[in-house]
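The values are calculated or read from the model by the stated rules, or taken from the named source; none is laboratory data. All values derive from a computational prediction rather than experimental measurement. Methodologically, a virtual Cβ is constructed for each residue, glycine included, from the backbone with ideal geometry; neighbour enumeration extends over all protein chains shown. We work out accessible area using only protein heavy atoms, side chains counted, and drop any ligands, DNA or RNA first. Shrake-Rupley method; radii C 1.70, N 1.55, O 1.52, S 1.80 Å.
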Amino acid sequence: MTGYPSKSGRYPSKPGRRVHACLRLAPLATAAAVTAVLAAVPAQAEASAIPHTAGTITTVAGGVGGPGLATTVSISFPCYVSYTGGKLYIGDESVRAVSTTTDQLTTPAGTGLGHGPLGDRKPATKARIDACGATVDHSGNLVIADRSDTRVRVVAASTGTFYGQSMTAGDIYTVAGIGTRGLSGDGGPATAAELDQVLDVQVDAAGNLVVTDSGRPAFGGKPGFPAVVRVVAASSGTFYGQSMTAGDIYTVAGATTLGGPAAGRGPAITGGLATKAAFGPALGDVRLDSSGNLLIADASKNNVRVVPVASGTFYGRAMKAGNVYTVAGNGTAGFSGDRGPAAAASLNDPQSVTADGHGNLVISDSGNSRIRVVAVASGTFYRKSMTAGDIYTVAGEGKVSARPVPALRAQIGPEGVAEDQSGNLLITDNEGYLRVLASSSGTFYGQSMTAGDLYAIAGNGNFGFSGDGGPATEAEFGFAAGVAVDSAGNVLVADENNERVRVIAVHTGTSYGQAMTAGDIYTIAGDGDSGFSGDGGPATSASLSLPQGVAVDAAGNVLIADSEASRVRVVAEHTGTFYGQAMTAGHIYTIAGTSGSGSLGLGGPAISAHLSELNGVALDAAGNVLIGDTLQGRILVVAKASGTFYGQSMTAGDIYDVAGNGTNGFFGDGGPATAAELEFPDGAVADAAGNLLIADTDGSRVRVVAASTGTFYGVPMTAGDIYTIAGNGACSFAGDGGPAVKAAICGPVSLTTDAAGDVLIADAVNARVRMISG
């Protein structure tokens, strides 16, 4: 994940997300949405053999691993993957091989330490390599593109002579490259030639090694040499229009002279010599079709080109061996041309190309987020009627999507968590999605879901603002923070960088004064401008300032933690009197916080309180409003009605401190909550027993203010006192399956509970959702 640290220095944020002094603000979960989370969790726990004892902690979503063999082994910086001989080969500073039948992972070459002393002519498992592409040749030898060492290397499968060298089984040898960057040596021994950025290697039908010498900038940003495709001849003969000698190296595509065409500025010729053609400054994939022709994804020039291995008719045109032909893409970045001639279509950064079983070209049109096919003959392919030479989209709609994956193997960046009416867990994700962890198998949000799997129901993985009035899965969020569910099942999201609160409709009808279609997304508050305005008028015309949290009360009103405005605001669902104010349906009102500086105003009207930056808002079982005032290190309550709550006598509409003494830190466990120090509390929610659960984000703990005397989460408690129930204060990841108070969590930003009394935590920095058993 790309990001930068918050000013607390502890966890990452997406580019463009505003952060604030002292902390990264985050949402509160919605108490009104809490019912029966995760019916799937017991099944997940059984798979991991983790008991659900009160006070233990487990991971229920996120992370890497789970049951299996290959899935339990770490890999680092994987460069390329390839499949051959029943194994998936991964280049990641070594070569990893994953059996597709047993899931067993082995390391046939490399120490995992990357670039260093070569170790040639010795056991491959002790060699230092920086592997990218890897494949297996016709003799079973493992052939490796050693990127940083600028070589092609071979691990011998058996003892014998290969590529003109005597080799011992299991040892590693250099078969091309001398270790210095360049483009020299054509027509001579491959072991005396200079290579540049060797990203991939393949074996053609004659056994020759086809090397992608990418021309990408080297590490440190230094310009690369020209992008070319080179061949190490396995035997003497004529290939790609050139006479070759066994063991020698030849450029078969791309101009090798420096400047002009070599820098990718020359013409993308078609029909001329491939060795005179200018490729862009970085090649995508180079693949072989069933005839042995080279397929080249010229990503920078937005086309796909072919170099035939022999003269003949390919892709509907007569081709001469050694020449280059453009078969898809007009060189202009964009999306156009579907159902028309492929050479006239616009592609956008095509990174990969291959030929399918019918001979059609399959293109990964990366910049367009589509898979496109050039038909080699007329017929029906991929359920589409196709004409030879034309191009068609067969997958993708021009947006990034998150495919369903088992929750324990998903890479997520959880920000807010809440539960819907079916018991599914909703997770706002800092990767630009709103996700659902299905609690049971069925159809939810218009998708067929399997219990325990994770699905994207809103967001396309990009950051921005788009999509209102259309499908939620095509929309862009500025940054999805808080999440809540209303009584109709609609999902509300605090889209903080877009200064809006948005709704994903689950039913077609009228909600929040707007006609809505099931599955579509709508703005119900905020005009996109940052500021404070609009009270008493339509919520969609009001200005918000970094809305962090969202909740729904029993009357259906939407409460918003308007963070930088230092207010809690309400969008009325119906016309009536709420929080002591006459409200009109669809209009927005402030119920806590005021402008300027001054005293907090504890025990007085909430509307007159001087709050700081609010992280979120929630409601307890009595309908009181819970507020996390992070900079003041407090959890505050606005009383809905007069009475006694949290051990205090309260007056309706007034504001009170229920945890924290106004000093940021960690102090006070086992004593009165109002005398304790909190270290930037991000989230608070009430559990079924009325206890107040607090996500003390920068303290890396979850703390509880006991509503009554008893034992909760495995800890004996006294009413009104505060206790830690998860986290040892270390910002790290440890402790799954053991006592939660001894576990390491990092950046807990949001909480919710389930009907069994379990607490679910958005453990942001660890990119997991974790559960404390009740």
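Restricting attention to the stretch 195-213, the residues being touching a Phe, Trp or Tyr at 6+ places or on another chain (Cβ under 9 Å) and open to solvent by 40 Å² or more (accessible area, probe 1.4 Å) number 1. Among residues that are part of a strand (DSSP E or B), touching a Gly at 6+ places or on another chain (Cβ under 7 Å), touching a residue at least 12 places away in the same chain (Cβ under 8 Å) and of a type in the set (Gly, Ala, Ser), Ser364 is not included. Against the numbered list (1) at pLDDT 60 or above; (2) of a type outside the set (Val, Ile, Thr); (3) under 18 Å from Arg151 (Cα atoms); (4) open to solvent by 30 Å² or more (accessible area, probe 1.4 Å), Phe219 comes up short only at (1).
Would you mind stating whether Gly357 is more than 33 Å from the chain's Cα centre (by Cα), under 29 Å from Ala145 (Cα atoms) and not hydroxyl-bearing (Ser, Thr, Tyr)? So Gly357 does not fit the description; no.
Note on the stretch 673-713: residues that are more than 15 Å from Thr630 (Cα to Cα) and either small (Gly, Ala, Ser) or modelled with pLDDT under 85 (or both) amount to 10. Selection of the stretch 242-282 for residues being farther than 15 Å from Val228 by Cβ and modelled with pLDDT of 85 or more yields Ser243, Met244, Thr245, Ala246, Gly247, Asp248. Considering the stretch 433-501, the qualifying strands (runs of 3 or more DSSP E), each wholly inside and each with 2 or more residues that are buried (at least 23 other Cβ atoms within 10 Å of the Cβ), run over 433-437, 453-458, 480-485, 491-495.
Taking the stretch 241-251 as the range and being over 18 Å from Tyr163 (Cβ atoms) and assigned to a loop (DSSP other than H, G, I, E, B) as the test, only Gly241 passes. The residues in the stretch 280-307 that are out of contact with any strand residue (DSSP E or B) (no Cβ under 8 Å at 6 or more places or on another chain), in a loop (DSSP other than H, G, I, E, B) and either hydroxyl-bearing (Ser, Thr, Tyr) or on the phi > 0 side of the Ramachandran plot (or both) can be counted, and the count is 1.
With a requirement of 1 or more residues that are over 22 Å from Ser750 (Cβ atoms), the strands (runs of 3 or more DSSP E) lying completely within the stretch 561-647 that satisfy it span 576-578, 581-583, 588-592, 643-645. Can you confirm whether the stretch 735-744 contains a residue that is under 29 Å from Ala622 (Cα atoms), out of contact with any helix residue (DSSP H, G or I) (no Cβ under 6 Å at 6 or more places or on another chain) and in a strand (DSSP E or B)? No, that holds for no residue. Can you name every residue in the stretch 734-774 that is touching a residue at least 60 places away in the same chain (Cβ under 8 Å), hydrophobic (A, V, I, L, M, F, W, C) and open to solvent by 20 Å² or more (accessible area, probe 1.4 Å)? Of everything in the stretch 734-774, those that are touching a residue at least 60 places away in the same chain (Cβ under 8 Å), hydrophobic (A, V, I, L, M, F, W, C) and open to solvent by 20 Å² or more (accessible area, probe 1.4 Å) turn out to be Val741, Ala755, Ala756, Val765, Ala767. Restricting the stretch 615-632 to residues that are small (Gly, Ala, Ser) and at pLDDT 85 or above leaves a set whose member that is most open to solvent (accessible area, probe 1.4 Å) is Ala621. Within the option set Thr168, Thr180, Thr150, being open to solvent by 40 Å² or more (accessible area, probe 1.4 Å), over 21 Å from Tyr240 (Cα atoms), at pLDDT below 90 and among the polar types (S, T, N, Q) holds for one residue only, Thr180. Scanning the stretch 345-386 for residues that are in contact with a helix residue (DSSP H, G or I) (Cβ under 7 Å, 6 or more places away or on another chain) and open to solvent by 40 Å² or more (accessible area, probe 1.4 Å) returns Asn348, Asp349, Gln351.
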